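*Asks:* Let me begin by handing over the structure; questions about it come next.
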Amino acid sequence: MKKYEVMYIINASVEEEKRAGLIETFSKIITDGSGKIEKTDEWGLRDFAYRIDDMTKGYYVVTTFEADNDCVKEFDRLMRINPNVVRFMIIRLEEDQEKK
């Protein structure tokens, strides 16, 4: 399994309870796909540098995890079709970053 980091932005209009449920659901996608969550960091509500679909704010979340390629593909697919996710980016962490 390889290490990845995903940063995603949830629509600011989503209520706190539903937002917590979304974060838990996204983590469950990884763990159900035999992945392992290392850390989930909620950055909170932040202003965008520019408007995205008439929105000026979003709730930022960063998750570091280990998973295989199939799990990452499924996670990517489900993030794309979720209407509450404004933007997301998945990156693979390099070997030298993992040792720090």
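*Asks:* With everything on Cα atoms, drop me the angle between helix 16-32 and the longest principal axis of the chain, reported from 0 to 90° to the nearest 10.
*Replies:* Around 20 degrees separate the two axes.
*Asks:* Here's another thing I want to ask about it. If you put +1 on each Lys and Arg Cβ and -1 on each Asp and Glu Cβ, how big is the dipole of the chain around its Cα centre, in Debye rounded to 20?
*Replies:* Numbers: 17 positive and 21 negative charges, 35 e Å.
With Lys and Arg at +1 and Asp and Glu at -1, about 160 debye.
*Asks:* Would you kindly state the longest site-free stretch of the chain, with sites defined as GluC sites (Glu not before Pro) in a DSSP loop (not H, G, I, E, B) surrounded by at most 13 other Cβ atoms within 10 Å? Present the calculation step by step, with values, prior to reporting the outcome.
*Replies:* Details: sites that count: Glu15, Glu94.
That would be 16-93.
*Asks:* Right, something else. Modelling each spin label as a point 7 Å along the Cα-to-Cβ direction, I'd like the Asp53/Asn69 distance in nm, to one decimal.
*Replies:* 3.0
*Asks:* What angle, in degrees between 0 and 90 and rounded to the nearest 10, separates the Cα long axis of helix 69-81 from the longest principal axis of the Cα atoms of the chain?
*Replies:* With both axes taken from Cα atoms, the answer is about 10 degrees.
Throughout, read-outs are computed from the coordinates displayed, never taken from laboratory work. Keep in mind the model is a prediction, meaning the values are calculated, not measured. Using ideal geometry, Cβ is built from the backbone for each residue, glycine included, and neighbour counts are taken over all protein chains shown.
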